[in-house]
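The values are calculated or read from the model by the stated rules, or taken from the named source; none is laboratory data. Keep in mind that this is a model prediction, so the values were computed, not measured. Using ideal geometry, Cβ is built from the backbone for each residue, glycine included, and neighbour counts are taken over all protein chains shown. Just so you know, the surface numbers come from the protein's heavy atoms only, side chains and all, with ligands and any DNA or RNA stripped out. Shrake-Rupley method; radii C 1.70, N 1.55, O 1.52, S 1.80 Å.
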Amino acid sequence: MEPERRYALDALLDALGLSFDESVSVEPAVLDEVFGLLTLAHERDVELDQHGRPLPPADPPGPRVAELAAGLGLERRGYPGGERFLVALTHDVDLLGGGGLPTAARKLAGSVAYRSRRRLQESTTFAADALRRRDPDYPLEAMLAAEGARGSTCFFLTRQEAPQDGYPERYHPELAGALERTREAGVEVGLHASYQARERPGAIAEEARPLGEIQGLRHHYLRSDPERLAAELREAGLRYDSSIGWASRPGLRAGTPYPYRLWNAERREAGAWELPLALMDATLAEERYLGLGADEAYEVAIAALEPVAEYGGAVAILWHPPSHHPRLSKGYDRLYRRLLEWIDERGGRAASAAEVLDRWESRRA
């Protein structure tokens, strides 16, 4: 069996929690379809947005790999802990150091100049956070309170050269303290690769080094290069990526609700894990995307996670830290809690990205 079809067969059997078995009969056309989905072959000629990201198709693939795996007629092995599905709780730390009394004073002046009640509320919130020595850009305590004992993952920037990378003059002085607090709280730390990282060979290894021992990454703006991801993660010694998702809509970009191995085209072999990103707060909230209020967004979010629950999948969701702020998140902090309750009610388990992959791999052990 050629390596590409072997890779596809292994992905189908892994979806069922079964060890690789070349004797399992699968139509070559099915294997070719799976290979094309997982390597995003359908994106090679599509239009790109202003950030160089493929635009989602009018007819997304949905949980196609799960449907094909179910069609093999083999029994799917459950998770050892008894959970029905898994969701990695992840947070991209794009901003740090945005608070303080000077910032509160500027916002207060703006609220007076514009006679804005919203700006006044923001200024008083920033002042209260400053007096309590809390960073409104990274409300870690609120995030931990929402998640309880579940566990989660925070991805941090270590290089900021492009304007899209934010404010290095504020971020870097706060980074060491934020990392220390995060690790002390038992939250997994990963790399948030910079906006231009995909354009520099070796950038992932270089940017990961300051963070010490980590397992995974997510690209800023989800701006990865899927064809080079496996090689970049191999060079960096990382276990997983979680960048394969759409910014403009929820869903399963690679047609699978399951973690899968990235394809290393140069070596013609499977590489590190990809943990699919199925849902992001910014997709739901920002006007440039769906622009939904928290109540409307709940139904859209549940619709994105339903196939994951139905097929026993394991995916990531992304909630940026400011969306946990009890006064600045426009209700998205409460939406996050509602999603965690839904996951619990449906028999799922929410955890860090590393724990989700541990539990995913344990099915085959």
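Can you tell me which residue within segment 307-365, out of those that are basic (Lys, Arg) and under 14 Å from residue 285 (Cβ atoms), is least open to solvent (accessible area, probe 1.4 Å)? Walk me through it before giving the result.
First, pick out the residues of segment 307-365 that are basic (Lys, Arg): 327, 330, 334, 337-338, 346, 349, 359, 363-364.
Now restrict to residues that are under 14 Å from residue 285 (Cβ atoms): 330, 334.
Working: 330: 173, 334: 143 Å².
Going through the qualifying residues, I end up with 334.
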Could you please find all residues in segment 167-186 being within 19 Å of the chain's Cα centre (by Cα) and within 17 Å of residue 322 (Cβ to Cβ)?
-> 182
Surrounded by fewer than 18 Cβ atoms within 10 Å (Cβ to Cβ), touching a residue at least 40 places away in the same chain (Cβ under 8 Å) and part of a loop (DSSP other than H, G, I, E, B): does that describe residue 150?
-> yes
Residues satisfying the stated conditions in segment 256-299, i.e. out of contact with any strand residue (DSSP E or B) (no Cβ under 8 Å at 6 or more places or on another chain) and surrounded by 24 or more Cβ atoms within 10 Å (Cβ to Cβ) = 256, 283, 284
Residue 228 meets each of (1) crowded, with 24+ Cβ neighbours inside 10 Å; (2) touching a Lys or Arg at 6+ places or on another chain (Cβ under 8 Å); (3) assigned to a helix (DSSP H, G or I) with one exception, condition (1)
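So which residues in segment 42-54 are open to solvent by 40 Å² or more (accessible area, probe 1.4 Å) and either under 18 Å from the mean Cα position of the chain (by Cα) or acidic (Asp, Glu) (or both)? Reasoning before the result, please.
Within segment 42-54, the subset open to solvent by 40 Å² or more (accessible area, probe 1.4 Å) is 42, 44-48, 50.
Hits for segment 42-54 are 45, 47.
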Quick one: in segment 161-188, which of the residues that are more than 14 Å from residue 93 (Cα to Cα) and not in a helix (DSSP H, G or I) is least open to solvent (accessible area, probe 1.4 Å)?
-> 162
Which one is surrounded by the most Cβ atoms within 10 Å (Cβ to Cβ) among residues in segment 231-255 that are touching an Asp or Glu at 6+ places or on another chain (Cβ under 8 Å) and farther than 23 Å from residue 189 by Cα?
-> 254
State whether one or more residues within segment 270-290 are over 14 Å from the mean Cα position of the chain (by Cα) and touching a residue at least 60 places away in the same chain (Cβ under 8 Å).
-> yes
Residues of segment 273-301 satisfying the condition of being over 27 Å from residue 359 (Cβ atoms) and hydroxyl-bearing (Ser, Thr, Tyr) | 289
First in segment 71-86 and under 21 Å from residue 341 (Cα atoms), second anywhere and open to solvent by 50 Å² or more (accessible area, probe 1.4 Å) and of a type outside the set (A, V, I, L, M, F, W, C), Cβ under 7 Å, 6 or more apart = 79/359; 81/349; 81/359; 83/349; 84/346; 86/349; 86/359
By residue number, the members of segment 196-207 that are open to solvent by 10 Å² or more (accessible area, probe 1.4 Å) and in contact (Cβ under 8 Å) with a residue 40 or more places away in the chain are 206
